[in-house]
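Presented below is the structure to which this report refers.
The values are calculated or read from the model by the stated rules, or taken from the named source; none is laboratory data. Values in this document were obtained by computation on a predicted structure and should not be read as measured data. Heads up, the Cβs are rebuilt from the backbone with ideal geometry, glycines too, and the neighbour counts pull from every protein chain shown. The accessibility values were calculated without ligands, DNA or RNA, using every heavy atom of the protein model including side chains. Shrake-Rupley method; radii C 1.70, N 1.55, O 1.52, S 1.80 Å.
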Amino acid sequence: MPGDNVVLVGFMGAGKSLCGRMLARRLGRCFVETDEMIAAREGRPIPEIFATDGEERFRALEREAVALLRLKSGDVIATGGGLPCRDGMMDALRDLGTVVWLRGDLAELYERARRSGDRPMLAGRGVDEVEALYRRREPYYRQAHVHVDTTGLGPDQVVARVLAALREAHVARV
Ligand code: S3P
């Protein structure tokens, strides 16, 4: 039987971390973030892992993090934007609980992602390349149980929509 976590997926800039933290507070649940797990286990920040060991090493660490998440129950989990987009990863996430895709307008996501944080997957990529990356990833995100459109919304409104969607799906004890 699938777990009872809530798992947020979506492209960079979708608001997975901020909204995930707020959602966890609203639900009285713990919040976990795969990027934080990886950085803590490695003792170095994500950009350094990319720079020193490359993307494939980071993806392997993401796979390990998801295996560890099988120990969790009832948590809100925010994933890195590329985590669901490798073989078997979306199935693994769906086993952890209810997977919610924070989808949105690509221009908006891109603007937000560029403004905040150091994101190795954006470095050296033009808008067209980022759009191509997004298009490649969309089929994976689409496999989420619940899709929430965040276009034009602030974090409070996004959280409200996620809560409503979870209630509607009768999947969260909220
Ligand atoms: C990545 C997204 C980042 C982080 C890493 C790789 C990606 O997380 O996991 O830099 O491949 O899209 P956010 O989605 O929180 O930016």
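Using 0.36 nm per residue of separation minus the Cα-Cα distance, give me the extension gain between ALA107 and GLU42 in nm, one decimal. Using 0.36 nm per residue and subtracting the Cα-Cα distance, I get 20.2 nm. Could you work out what % of the accessible surface of the range 64-123 is carbon and sulfur, using a 1.4 angstrom probe and leaving DNA, RNA and ligands out of the count? The C+S portion of the solvent-accessible surface of the range 64-123 is 43 percent.
I'd like the FRET efficiency for ALA132 and ARG86, computed as 1/(1 + (r/R0)^6) with the beta carbon distance as r and R0 of 25 Å, rounded to 0.05. The partial results should precede the final answer.
Details: r = 17 Å, r/R0 = 0.68.
Here the calculated transfer efficiency is 0.90.
Work out, in µm²/s and without decimals, the Stokes-Einstein translational diffusion coefficient of the range 75-147 at 10 °C, 1.306 mPa s, Rh from Kirkwood over C-alpha pairs.
On the way: Rh = 13.3 Å.
The diffusion coefficient I find is 120 µm²/s.
Enclosing the Cα atoms of the range 52-174 in their convex hull gives a volume equal to 120 cubic angstrom per residue. Size descriptors for the range 1-123: radius of gyration and Dmax over Cα atoms are 13.9, 40 Å.
Only DSSP H runs of four or more residues enter the estimate; each adds -39500 (n - 2.57), and after division by the residues of the chain the mean residue ellipticity at 222 nm equals -16000 deg cm²/dmol.
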